[in-house]
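For reference, the structure discussed in these notes is given below.
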Amino acid sequence: IRLGLVTGNRLCPAPGALANTINSSTITNVHITGRITGRNVGGFAQQSTQSSFVNCSFNGTIKSVIVSSGLAGGLLGVSGDCYISNCRTSGELLCTSAKDIVGGALCVGGMFGSIGGEKDVIRCFSDMRINSKGYVGGLAGSNEIENWNNYYGYVTTNDFGFKQCYSNCTIEKQTGATIGGLAGFTTNSVCFDCYYNSDRASGTVFGIGVDSSKIKQRSTFRNWDFSNVWGIYEGQSTPYFAFESGRYLKVALLSSCFGQISIEPEKDGYAFGETVTVTAIPEDGSEFLYFNGALSGAEAQQTLVIEDNEIIEAAFAKQISSIEMFSQIGEDYPI
């Protein structure tokens, strides 16, 4: 299943592309592209417990507007005792707050805001750009197995862990943030053969930090199966899933108000180094405000070489031609 999603600017307290909460469910082969805005936010759901996510992805923009506390993750805001395998997230995760937030009041991660339980996270990765306060990590903002076990009534076994995962996230630190390459805060949980790009995020004792060159080398990833599970363009790309035949790179096309974006050729995924043409087309009576990646603000078309999971956004303004149009200002137009 492949979902495309573009939301409006209504601020939902706890949104996710599939649901607010996912419990005791199995989610397989679901890929989501789009934009989500809210307070407690997850690419798939704000919260999930005792569920399974296999071969799933989110590529897009997540905006979390925090009042006093919150949780935001590229896959799930909160993961409680969920099995996660062969999943990935990419795009942007942006959290803002008018108040000073320190530590656990805000947890933000490339895959999970907060995670705990007894089931492992296996063969997953994130390459989001993250900008937030609080606890911030490339995979998880907070990795608190003991607290989640107590909350859900599980017996703590201390065998939860990340296995063969990596983060290529760029973490932009706001004032008061505590950041880590894989987890902003961690207790008890462990990781096995997991890595993060130390040039894009400061490190902790959780995971192995490698620079931007080594994270693109097969020899870096100890015990990883590059014959059956993983693929890599040596020296050019970070690892991707081999079952996607190298076509793991995605393009999210997001438009705001009175126009659309198209891509040629249009496919589910693109090979590393493939060239595409992106065109932004406004409706009659509207004009461009913003088109990221274009040659200039006036350009309606660009040629793009796919080298990563890309997000292309265009914003359009409508010319106000009648007094009735003033009543529409401030309603649920996309942002």
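The values are calculated or read from the model by the stated rules, or taken from the named source; none is laboratory data. These numbers come from a predicted model, not from an experiment. Ideal geometry is used to build each Cβ from the backbone, glycine not excepted, and the neighbour counts take in all protein chains shown. When the accessible area is computed, the model is the full protein with side chains, heavy atoms only, and any ligands, DNA or RNA have been set aside. Shrake-Rupley method; radii C 1.70, N 1.55, O 1.52, S 1.80 Å.
Specify, per residue and in Å³, the volume enclosed by the convex hull of the alpha carbon atoms belonging to the range 199-258.
Given the Cα convex hull of the range 199-258, per-residue volume reads 146 Å³.
What does the extension gain come out to for Phe226 and Thr175, with contour length at 0.36 nm per residue minus their alpha carbon separation?
Length difference between fully extended and current span is 14.4 nm.
List the lysines whose Cα sits under 17 Å from the Cα of Lys173, skipping any in the same chain fewer than 8 residues away.
Lys63, Lys99, Lys133
Could you give me the ³J(HN,Hα) list for the range 163-176, computed from phi with Karplus coefficients 6.51, -1.76, 1.60 and θ = phi - 60°, whole Hz, x at Gly and Pro?
Computed from phi, the couplings for the range 163-176 are 10, 6, 10, 8, 10, 10, 6, 9, 10, 9, 7, 8, 4, x Hz.
Restricting attention to the range 207-242, which trypsin sites (Lys or Arg not before Pro) occupy a DSSP loop and are surrounded by at most 10 other Cβ atoms within 10 Å?
Arg222
How much accessible area does Ile232 have with a 1.4 Å probe, in Å² rounded to the nearest 10?
20
Sticking to Cα atoms, compute the Rg of the range 238-280 to one decimal and its Dmax as the biggest Cα-Cα distance, whole number, in Å.
12.5, 39
Computed FRET efficiency, Cβ-Cβ of Thr187 and Ile263, R0 51 Å: what is it to the nearest 0.05?
Values: r = 44 Å, r/R0 = 0.86.
The computed FRET efficiency comes out at 0.70.
Quick check for me: using +1 on Lys/Arg Cβ and -1 on Asp/Glu Cβ, what's the dipole size of the range 22-137 about its Cα centre, in debye to the nearest 20?
On the way: 9 positive and 6 negative charges, 60 e Å.
Result for the range 22-137 is approximately 280 debye, rounded to the nearest 20.
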